[in-house]
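Encoded as structure tokens, the structure appears first; notes follow it.
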Amino acid sequence: MLILTRRIKEVIRIGDEIKVTVLKTVYKNKACLRIDTPKEVRVVTIELGGIVNVVESVTVKAVKVQGNYVKLGIDAPGEIEVYREEIYSQMKLDQAASAVKNTKETIITNHRRKSKVSA
């Protein structure tokens, strides 16, 4: 089980298609979560120690609630990656930048090859 601490409005990404957002904390033992999956969006209130099935083989457990912070335990198969939203977003930006760089390099290389053939 991976345990991540999130504040209100912060997100956990589970794979590319699932988002778990902390909406609010209720007292010292409950958290309100928004769960976005490809098939549905739902809002759940989870008690300390409570477990929510997100999709088949993926669960979220409320480990600790303190002020505006919630510790969530994520149980998912090893092949499903779990990230804090800010890390996930940076990864996607880096991948897009790398793809653009590779495309530019390919265009330059092809242009040089054509120039050599023409000469």
Amide H contacts under 5 Å for Ile8, restricted to residues at least 5 apart in sequence or on another chain and with H modeled in the peptide plane, are none
What ³J(HN,Hα) values, in whole Hz, does the Karplus curve 6.51 cos²θ - 1.76 cosθ + 1.60 give for the range 22-30 when θ = phi - 60°, with x put for Gly and Pro? 7, 8, 6, 10, 10, 6, 10, 9, 9
Neighbourhood charge, 10 Å Cβ-Cβ cut-off, centred on Thr37 and excluding it, Lys, Arg +1 and Asp, Glu -1: 0
Spelling it out for Val63: with amide H atoms placed in the peptide plane at 1.01 Å from N, the residues 5 or more places away or on another chain with amide H under 5 Å from its amide H are Gly49, Lys71, Leu72, Gly73
Using θ = phi - 60° and the Karplus relation 6.51 cos²θ - 1.76 cosθ + 1.60, list the HN-Hα couplings for the range 9-15 in order, rounded to whole Hz, with x at every Gly or Pro. 6, 8, 10, 10, 9, 10, x
The FRET efficiency for Cys32 and Ser98, from their Cβ-Cβ distance with R0 = 41 Å and rounded to 0.05, is 0.65
Pull up all non-local amide H partners of Gly15: gap of 5 or more, or a different chain, and H-to-H distance under 5 Å with H placed in the peptide plane. Glu81, Val82, Tyr83
Checked against a 21 Å limit on the C-alpha separation, the offending pairs among Lys19/Lys39; Lys30/Lys71; Lys39/Lys92; Lys64/Lys92; Lys39/Lys64; Lys61/Lys92 are Lys39/Lys92; Lys64/Lys92; Lys39/Lys64; Lys61/Lys92
Going residue by residue through the range 66-77, the Karplus relation 6.51 cos²θ - 1.76 cosθ + 1.60 with θ = phi - 60° gives ³J(HN,Hα) values, rounded to whole Hz and with x marking Gly or Pro, of 8, x, 8, 10, 9, 9, 10, x, 10, 10, 8, x
Could you tell me which of Val52, Val26, Ile14 has its Cα farthest along the dipole of the range 2-84 towards the positive end, charges placed at Cβ (Lys, Arg +1; Asp, Glu -1), taken about the Cα centre? Val26
Do any trypsin sites (Lys or Arg not before Pro) in the range 1-79 lie in a DSSP loop with no more than 14 other beta carbon atoms within 10 Å, and if so, which? Lys9, Lys28, Lys39
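Every number here is computed from the coordinates shown, using simple stated rules; none is lab data. Since the structure is predicted, the reported quantities are computational estimates derived from the model, not experimental observations. Glycine gets a Cβ as well: all are built from the backbone with ideal geometry, and neighbour counts include every protein chain shown.
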